[in-house]
1. Enter the angle in degrees (range 0 to 90, nearest 10) between the Cα long axis of helix 209-218 and the first principal axis of the Cα atoms of the chain, meaning the one along which they spread out most.
2. Where both partners of a DSSP beta bridge lie in the range 2-64, what percent of those bridges are antiparallel, to the nearest 5?
3. With 16 Å as the cut-off, how large is the P(r) tail for the range 31-112, expressed as percent of Cα-Cα pairs?
4. Taking the Cα-to-Cβ direction at residue 24 and at residue 80 and moving 7 Å from each Cα, how far apart do the two end points lie in nm?
5. Just for the range 71-255, what percent of DSSP beta bridges are antiparallel, to the closest 5?
6. Using only Cα atoms, locate the centre of the range 221-258 and the centre of the range 57-116, then give the distance between them in Å, rounded to an integer.
7. When the scattering of the range 19-79 is computed by the Debye formula from its Cα atoms alone, each counted once and equally, what is log10 I(q)/I(0) at q = 0.22 Å⁻¹?
8. Over the chain, what portion of Cα pair distances is larger than 23 Å, expressed as a whole percent?
């Protein structure tokens, strides 16, 4: 992979691009006003572009870039501010001061909502296996400005860990988090143009009984599984499926006995 900057760059962005290239074991390249397509074509490589306001990943095999944006988290939080309900918040049973572990961070939308709900006294950790996604999202959570202080503060409080979920779970103590959340790639496809770049980068580890065992061990209260409404994983892993009319995905809950 090649790491470069946007055409309008400065010393800070160039140094940041070099640092990220080193962390990802990639090649830093001076942009020199070349187009992304020209770089991809000449070097037959993926390209990560470091810009002033956002980072963009361009796959060699795709024209659609992958980049961080708080997307659905923003309007979901605004709904919460208007005292409207959110199925995710209801399923996870999060409250001010709760601790939340997101085993499948992705773009981080659910973790942003979780961080907003638990507030400054709570804790949110997101695990992401792909180093590119982890880098882009961790940087976006620190740098993106939505214009809403409560949302920006929620993003800044999230801790991102680049690792496979099983390895992180195995390293954690019993009853470490109030809620543990799992949102694997669905067994049944849900078409979304916005998710296509993410799907190319996502790590498709199958959720095994060992992973679920440790998720249940690590939670104090409940494990929440988000999956396609047709998924057999709810029954297979012992989750109570919360069915919602017209929704293509459902939440499943497993609660720990006190």
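Every number here is computed from the coordinates shown, using simple stated rules; none is lab data. Computed from a predicted structure; not experimentally measured. Virtual Cβ from ideal backbone geometry, glycine too; neighbours counted across all protein chains shown.
1. 80 degrees
2. Of the beta bridges lying entirely in the range 2-64, close to 40 percent run antiparallel.
3. More than 16 Å apart: 66 percent of the Cα pairs in the range 31-112.
4. Going by the 7 Å Cα→Cβ label model, 3.0 nm.
5. 40 percent
6. Answer, in whole Å: 18.
7. -0.96
8. Summing the P(r) tail past 23 Å for the chain gives 54 percent.
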